[in-house]
Ligand code: GDP
Ligand code: MG
């Protein structure tokens, strides 16, 4: 009764050759502290990457500055190997004045392009270690009425540099109709979608789920049939992470891992990185 992330479906996306080499993928999470980013990562990949993390005290939080952390994990599932790199951005939006607190994130993303460009023109260009960020899960608060100025500023700044998948964190804080309202295009979807359509691969299929309303948990609870599942228990009942009636978690994981992983990599290379390269060349020519 092992749980699976779903990587085993990857070979369908690619040729045998690359299967032998293994897949690598770099995923970034960004958004305000406490929205469940680390918990979701643990839930998505069935790891406990962030189990030892303490929630910082409020006072520590106020002074906290943004740091960028990179962690690698190798997951093998039914003979398919994936080298996953997770980039976390603790401290995002935590400081009192955070009008441009996201600048280090943009800088980080660009630095990976810079490195790749350097490696590409180097001697060992056949074996480049690709550290570029292939996708960024951007967490939106369930407690607001939509995008905050910080969200908009960040999305504007990065949409040409990284694939963005917006998610509503801690969706169990919302009633179904509230979730729908928050998702409503009219509210703020226009903005996101305009940004996304430029940079993202064809997310058409999963589009009605975007932004994905997700719930994460590191705990195992019992479902209605007394089976152990990942979830959160409340006095009024249990929220199951992997129950599509409860949240979009499975949709998100399916899209990320099974159907779009390769797309996200290709868009990163063919579109976003190319754009960066072109901008570099232009500035050289000037
Ligand atoms: P991060 O700062 O964004 O990485 O957030 P964490 O993953 O550290 O989670 C912060 C707190 O929220 C922890 O106490 C988690 O147990 C809790 N939490 C995480 N995900 C969820 C969720 O989906 N729903 C609810 N209600 N709480 C969550
Ligand atoms: Mg965290």
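What FRET efficiency would be calculated for the residue pair residue 4, residue 271, taking the C-beta separation as r and a Förster radius of 35 Å, to the nearest 0.05? Present the calculation step by step, with values, prior to reporting the outcome.
On the way: r = 31 Å, r/R0 = 0.88.
Between residue 4 and residue 271 the formula returns 0.70.
Mind ordering 30-43, 265-278 by average Cβ neighbours within 10 Å, highest first? Provide the component values of the computation, followed by the final result.
Details: 30-43: 22.4, 265-278: 16.6.
Order by mean packing, descending: 30-43, 265-278.
Could you check how many percent of all C-alpha pairs in the range 105-155 are farther apart than 19 Å? Walk me through the numbers on the way to the answer.
Numbers: 588 of 1275 pairs.
Counting pairs separated by more than 19 Å, the tail of P(r) holds 46 percent.
What FRET efficiency do you get for residue 67 and residue 173 if R0 is 25 Å and r is their Cβ-Cβ distance, rounded to the nearest 0.05? Could you put the intermediate results ahead of the total?
Details: r = 27 Å, r/R0 = 1.06.
Given R0 = 25 Å and the Cβ-Cβ separation, E is 0.40.
Give the peptides 161-171, 120-130, 144-154 in descending order of average Cβ contacts within 10 Å, highest first. Write out the running numbers ahead of the final one.
Working: 161-171: 24.3, 120-130: 9.3, 144-154: 16.8.
In descending order of packing, they fall as 161-171, 144-154, 120-130.
Values quoted throughout were computed directly from the atomic coordinates according to the rules given, and no laboratory measurement underlies them. These numbers were taken from a predicted model, which means no experiment stands behind them. Don't worry about glycine lacking a Cβ; one is built from the backbone with ideal geometry, like all the others, and counts go over all protein chains shown.
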